[in-house]
Structures are given as structure tokens and as C-alpha cells.
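Accompanying notes for the structure given below.
A short reminder: the numbers here are calculations on the coordinates, not readings from a lab. Everything numeric in this text was worked out from a predicted model, so none of it was measured. A quick note on method: Cβ atoms are made from the backbone with ideal geometry, for glycine too, and the neighbour counts reach across all protein chains shown.
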Amino acid sequence: MAGITFKHVVKTYDNGVTVVPDLNLEIKDKEFVVLVGPSGCGKSTTLRMIAGLETISDGDLFIGDRRINDVAPKNRNIAMVFQSYALYPHMTVYKNMAFALELQKMPKKEIREKVLEAARILELEPYLDRKPKALSGGQRQRVALGRAMVRNPEVFLLDEPLSNLDAKLRTEMRSQISSLHQKLQTTFVYVTHDQTEAMTMGDRICVMRDGIIQQFDTPQNLYNNPCNMFVAGFIGSPQMNFIDAVIEKDGDGYAAVFGRTRVPVRLETAGSIEGRQVVLGIRPEDLHIEKDFVAAAGNSTVTAEITLDEMMGSEVYLYFTIDGKKMIARVPSKLSARMGETVKFALDSDAVHVFDKETEEALR
Ligand SMILES: Nc1ncnc2c1ncn2[C@@H]1O[C@H](COP(=O)(O)OP(=O)(O)OP(=O)(O)O)[C@@H](O)[C@H]1O
Ligand SMILES: [Mg+2]
């Protein structure tokens, strides 16, 4: 069993800067967890602490039941794959994968079985005699994965392994790594700043900001119930739209009001929130221009001129401005709304998110 547990883990670098102030995180055995967040938020630092490449300043880190704060990297039974593949240039693909096992003095026959098995899974069999410089980026990255695989690690650590690849290859490798995880049935911790990678690959995603976990949840929950504006803005592409509004009474419930727009909102918050300054969050696909939808939306609409339309194939992204704020709607391309037209958009009141303007936390 090789879950990973952080208990009050702190990382302060030698220059006195604390980049991870108090990390508590439980990764389950066999889980694929993605650490995601903007540049400098502490993703690599967190991963490198698991690998033993960074010391832990305070707190406890466990792999399975074993506290590993002071266990040497080579005794942690982990394997790490980096953005730069760090292959040995003068060795063949076979040798690159076999090398660590040879150092361990594993019998030759056993090494051969392991390397061939990894090569088969990663479709590297035709390239075993080549040197890395005669391989494409994707093939090199697969060799780096193979080198990690042959060691049968309990935990795979991957730090932005796809960021050197072009977009098409990245998509391909994304699904290869996911199916590798399926086959190997081991724990994967994967660092990226790309929310699409996070959403498509993770069983659970840990969204970090300034060394602090904002939300650790399934892709679906992060998308549907973001806990604050940071997560709401980070997850989802194009980004969620944000509009300032004020809460007013609306019959038995409340409405978020801005300009002439009133959006009924269901909030279970105890106590009165009348007059509260909020930010309304609405995903681009929850703005509708179909006639029926607009007619049914009452005052939950905005009218604006489309300043740009971006054809994406089955959908069009429509850009417009509300109160000086840029907004994007994502509508089926068969609906003919184009640049220069003035359009009424309905806000789907069942799908809006409400955030406290001051704390930026979700109000529910
Ligand atoms: N050896 C070091 N000494 C001092 N500060 C460091 C060191 N390594 C990293 N940092 C700082 O720690 C913070 C977190 O760095 P880290 O590399 O973990 O970020 P990251 O989330 O992986 O970012 P990126 O997406 O750019 O790779 C940054 O502010 C960085 O400048
Ligand atoms: Mg990093």
C-alpha cells in the first residue's frame, strides 16, 4: 500500500522564504492525483519533498505507513519523471531503461524481461537500439517513463512531463499516461499548470495557490462547485465570467442584481444577506441566446454588442462587455450571432455561482 500523507508539512528554503506553510494532504493508494496551480505556487517543491530531493522543514510525510522525512531518496521506492527527460545521450534506449537495474546488480535475464515489458507497453520496441537523439520528443518522453517503470515503484512522480511536446503529441501522451496508470495500478502524482491536463487525467485534483491548497476534489466537483473565485477562475476554459452584483430580496428568496439584471439565486446561508456585495460567476456555456431560453429568463438577461466572434467548429465564442468587464459566451455555431450584432443573453440562474466580494469564498 502506498498512499501518501502530508501532515502539517512546511517547506522553508535556505533563504528563509516559506513556500509551503502548512500542507495537509492525503493521497490514496493507486490514485492519480494532479497538483495544479500558477507558476511558483509550490507544486514542484511539494513533489520534490515526496521524492526526497528537498528536505522537509517541519511536519510529517508518510508513504504508506512509513514516515519518510529522513529516508534517503533511493530507499523511498518512488520514480520521478521530469519535464526535461534527462536521458543518458550516449546510451541506447534499451540501456537507458536497463541502467538503474544494472546498478542494483539485478540478473541480466530479469532486466531484459522488465525492459522488454516496458518497451511493449510504451510501444518502444522498434527503437531499443537507438540513441535518444534519434528519437522524437514523444518517444524520448516514453523512454523516460519506461526508465521509471522498470523499477516497479510504489509511487510515480511526474513534473510537467509533457510541457516540451507540441499540442497534438501532448494530447496523445496524456491518454498514454492515463492508460499506463490503469495498467500499473500504482499511485501517480502529476504536476502541471495546465488545467486541461489536470481535468482530463486526475482522479482528484489539488488546486494550489501560494503553497496553500485551495480545493482538493474530483474534476467534476471542482468544475461544478468551486470553493472560491480562484478555483472558479482557474478551472475551466474559457474562463468563468465574473460580474459584480448586490443581493436583494426576491419574494421568499434572493436575487443578485446588477444594472437592470436580476438573477434569482438559491442561497442557504443562515442570516440575512440582503445588501451583500457579491460577485456572480457564470460559465461561458451557461449564457444562452436561444429565443425560448431568453424569453423564459425574465430579467435574468443582459444585452450587449458582440465585439468578436471566434469560430471553434461546433461552437462559437462570443465576446462582449458588461460594465467594462470582458465576457465570453459559448454557443452552438448554428445559432447565427456574429460580431457587430446586439444580442440578448440569458443567464442560466440554476448554473450561476455566487461569491462574497470581500472574501472571494463561494456562498451557497
Ligand atoms: N532552491 C530554492 N531556494 C529558494 N526558493 C526556491 C527554491 N526553489 C524554489 N523556490 C521558490 O519556491 C516557490 C515555489 O517554487 P516551485 O518550483 O515549487 O513552484 P511551481 O509551482 O513548481 O512553479 P512552476 O509552475 O513555475 O514550475 C517559488 O517562489 C520559487 O521561487
Ligand atoms: Mg514546477
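Here are some notes:
- Protection proxy ranking of 142-155, 93-106, by the mean of other Cβ atoms within 10 Å over each peptide's residues and highest first, is 142-155, 93-106.
- Column: log10 I(q)/I(0), Debye, Cα scatterers of the stretch 151-191, q = 0.15, 0.16, 0.32 Å⁻¹: -0.37, -0.42, -1.14
- Reach of K249 by Cα under 13 Å, taken over aspartates and glutamates that are not fewer than 8 positions away in the same chain: E274
- Applying 1/(1 + (r/R0)^6) with r as the Cβ-Cβ distance of D29 and L267 and R0 = 51 angstrom yields a FRET efficiency of 0.85.
- Structural descriptor for the chain: relative contact order 15 percent, calculated from alpha carbon pairs under 8 angstrom and at least 6 residues apart.
- Rounded Å value of the spacing that divides the Cα centres of the stretch 249-273 and the stretch 122-158: 56 Å
- Pairwise FRET efficiency - D203 versus Y88, Cβ, R0 = 35 Å, nearest 0.05: 0.60
- Cα gyration tensor category, rounded, prolate or oblate, for the stretch 90-162 with a/c compared to 1.5: oblate
- Binned Cα-Cα distances of the stretch 223-273, short to long, each 5 Å bin given as a whole percent: 5, 18, 21, 19, 22, 11, 4
- Once the Cα atoms are used to define both axes, helix 93-103 deviates from the longest principal axis of the chain by about 60 degrees.
- Angle between the chain longest axis and helix 108-121 axis [Cα atoms, degrees, rounded to 10]: 20 degrees
- Pair-distance profile P(r), taking every C-alpha pair of the stretch 241-363, with 10 angstrom steps and integer %: 14, 45, 29, 11, 1
- Whole-angstrom gap from the stretch 1-79 to the stretch 320-334, using each part's C-alpha centre: 41 Å
- On Cα atoms only, tilt of 137-149 relative to the major axis of the chain in degrees: 60 degrees
- Taken about its Cα centre, the chain carries a charge dipole of about 1780 debye when Lys and Arg each add +1 at the Cβ and Asp and Glu each add -1 at the Cβ.
- Residues of type lysines that K325 reaches as a straight line, Cα spacing below 21 Å, ignoring anything fewer than 8 places off in the same chain: K344, K357
- Label-point separation in nm, A167 to T218, each point 7 Å along Cα→Cβ: 3.0 nm
- Dividing the summed helix terms, -39500 (n - 2.57) for each DSSP H run of n ≥ 4, by the number of residues in the chain produces a 222 nm estimate of -7500 deg cm²/dmol to the nearest 500.
- For the stretch 171-244, the equivalent ellipsoid derived from the Cα gyration tensor has semi-axes of 25, 13, 10 Å, listed largest first.
- D_trans [Stokes-Einstein, Kirkwood Rh over alpha-carbon pairs] for the stretch 39-184, 25 °C, 0.890 mPa s, µm² s⁻¹: 151 µm²/s
- The label point for S333 and the one for D65, both projected 7 Å from the Cα toward the Cβ, are 5.8 nm apart.
- Coarse-grained scattering of the stretch 209-311 at q = 0.22 Å⁻¹, given as base-10 log I(q)/I(0) from a Debye sum over alpha-carbon atoms: -1.32
- According to the Cα-based calculation, Rg over Rh for the chain is 1.07, with Rh computed by the Kirkwood formula.
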